[in-house]
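The values are calculated or read from the model by the stated rules, or taken from the named source; none is laboratory data. A quick note: this is a predicted structure, and the numbers were derived from the prediction, not measured. Here the Cβ positions follow ideal geometry from the backbone for every residue, glycine too, while neighbour counts run over all protein chains shown. Protein only, heavy atoms only, side chains kept; ligands, DNA and RNA dropped before computing areas. Shrake-Rupley method; radii C 1.70, N 1.55, O 1.52, S 1.80 Å.
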Amino acid sequence: MAEKPVLHYFNARGKMESIRWLLAAAGVEFEEEFIASPEDMAKLKTDERFMFQQVPMVEMDGMKLVQSRAILNYIATKYNLYGKDAKERVLIDMYTEGMTDLNEMFILLPMASKEEKPDKIATIKDKTKNRYLPAFEKVLKSHGQDYLVGNRLSRADILMVELLYYIEELDASLLDGFPLLQALKTRISNLPNVKKFLQPGSQRKPPLDEKVLEEARKTFKL
Amino acid sequence: MAAKPKLYYFCGRGRMEAIRWLLAAAGVEVDSRWGRGRRRTTAGHLLFGQVPLVEIDGMMLTQTRAILSYLAAKYNLYGKDLKERARIDMYTDGTMDLMLMILATPFSSPTNKEGSYATIVQKAKTRYFPAFEKVLKGHGEDFLVGNAFSWADVQLFEAILMVEELDAAVLSDFPQLKAFKARVGNMPNMKKFLQPGSQRKPPADDHYVKVVRDVLQF
């Protein structure tokens, strides 16, 4: 029996969370090794498994994969969540690249200083409401299908729904006026694997709160 | 005969340059579009209101990495199987991180620039170049993945040239990369792209920065 993938990261969402979502949606069980101490951090510089001395790193199928996009691409292809041909694949890539840009803003937000935060939040809300959600609502409207690409579940739907949850956490009213995206969120959340991942006790990580961040700052001397 | 891909961007490197390199490496001629007419043509086609935009195979493609992946697959520069593809993705994502640092620097404040370039050269010398030196040393082959020329080689070559523009001696401790650079630079399509008159763009100058800031309003 194949070994489970092992995810190396902090015990936090960050850039690993989308990988957790995709594996979960694909019904793939995985293990996690957390970077929890300065010694763990120091190992990144010398441990050859980390090609660019960074995490995320996922050990799977005999490889030590780094770079979140490379990891997501591999998982999506392996588990048939990447469209049926090159044209569907490029559409999925276009959409997920846009989503990733927005997701990065969410990932970085907890790191912003008290002075910077209101501006950053305003930017996220503006981009969400005026650039990204309209684009994806338009895609769904254009074909009237249940999924973003090719009338079939793909990584684009999974990442979209992950992002919709973050948007909702920030300000639920941002989803007003995007009925098709709300329906997508409900539909995808009801898929058995996703439903399971959304339950308490799964490997899904909570938002970073001030206390956890303070602890991390102390531990890693940031 | 297929129409040439049309590239819509500013008249400078930016995020389009990696795409220009890949098309050149594949021996594909392109049509470049920039200037005043550009915004009229691109209106309605920019999924997230951003360029690069590449018109190819009846599609209007945006998002740099989506475009690069599509082209790599189309022109057989993406490895022979899923595992080779994964390695190519890892390597190109790594070099893209390095190149994006360089691309962003002209837009940072003047007092920060010197510091930024020094940091970038440091990162190249301590993180990125050692990783690729090790890959090449490890298998002793001419190219990074699967003993065949791929997108990963094109982008590493581009990244090396960009860092050399910041520090000409940066490869002095990396004999594998030096040999790699000479080898790849001698390939006919690459050689052609390095000649004056090709679609290759010069580094960002003050004028370019001003135009981009004006158009993108930041």
Exercise. Does any residue in the range B:124-137 that is within 17 Å of B:Met96 (Cα to Cα) and at the interface with chain A (Cβ under 8 Å from one of its Cβ atoms) come within less than 9 Å, Cβ to Cβ, of a residue that is in a helix (DSSP H, G or I) and open to solvent by 10 Å² or more (accessible area, probe 1.4 Å) six or more places away or on a different chain, and which pairs are these?
Worked result: B:Tyr128/B:Asp97; B:Ala131/B:Tyr91
For this session: Return the pairs, sorted by first residue and then second, in which the second residue is modelled with pLDDT of 95 or more and open to solvent by 70 Å² or more (accessible area, probe 1.4 Å), the first residue lies in the range A:186-204 and is not assigned by the TED database to the domain that holds A:Tyr165 and part of a loop (DSSP other than H, G, I, E, B), the beta carbons are less than 9 Å apart, and the residues are 6+ apart or on different chains.
Result: A:Ser202/A:Lys196
Exercise. Does A:Val139 satisfy the condition of being open to solvent by less than 50 Å² (accessible area, probe 1.4 Å), over 26 Å from A:Glu214 (Cα atoms) and within 12 Å of chain B (Cβ to nearest Cβ)?
Worked result: yes
Problem set entry | Residues within the range B:146-169 that are buried (at least 24 other Cβ atoms within 10 Å of the Cβ) and part of a loop (DSSP other than H, G, I, E, B), tallied | 1
Seminar exercise, completed: Scanning the range A:50-95 residue by residue, the ones that are more than 19 Å from A:Glu33 (Cα to Cα), within 7 Å of chain B (Cβ to nearest Cβ) and among the aliphatic types (A, V, I, L, M) total 4
For this session: Answer with yes or no whether A:Ala24 is at negative phi, surrounded by fewer than 16 Cβ atoms within 10 Å (Cβ to Cβ) and touching a residue at least 24 places away in the same chain (Cβ under 8 Å).
Result: no
Seminar exercise, completed: Note on the range A:133-167: residues over 19 Å from A:Leu102 (Cα atoms) and not in a loop (DSSP other than H, G, I, E, B) are A:Lys141, A:Ser142, A:His143
For this session: Working only within the range B:99-114, note down all residues that are under 18 Å from the mean Cα position of the chain (by Cα) and open to solvent by 50 Å² or more (accessible area, probe 1.4 Å).
Result: B:Met101, B:Ala104
Exercise. Which is acidic (Asp, Glu), over 20 Å from B:Thr92 (Cβ atoms), surrounded by fewer than 17 Cβ atoms within 10 Å (Cβ to Cβ) and not assigned by the TED database to the domain that holds A:Ala172, of A:Asp119, A:Asp47?
Worked result: A:Asp47
Exercise. Hey, among the residues in the range B:60-98 that are of a type in the set (A, V, I, L, M), within 7 Å of chain A (Cβ to nearest Cβ) and open to solvent by 20 Å² or more (accessible area, probe 1.4 Å), which one's nearest to B:Ile160 (Cα to Cα)?
Worked result: B:Ala73
For this session: Residue by residue through the range A:156-179, note down the ones that are surrounded by fewer than 17 Cβ atoms within 10 Å (Cβ to Cβ) and either outside the structural domain of A:Pro134 (by the TED database) or aliphatic (A, V, I, L, M) (or both).
Result: A:Leu170, A:Ala172, A:Leu174
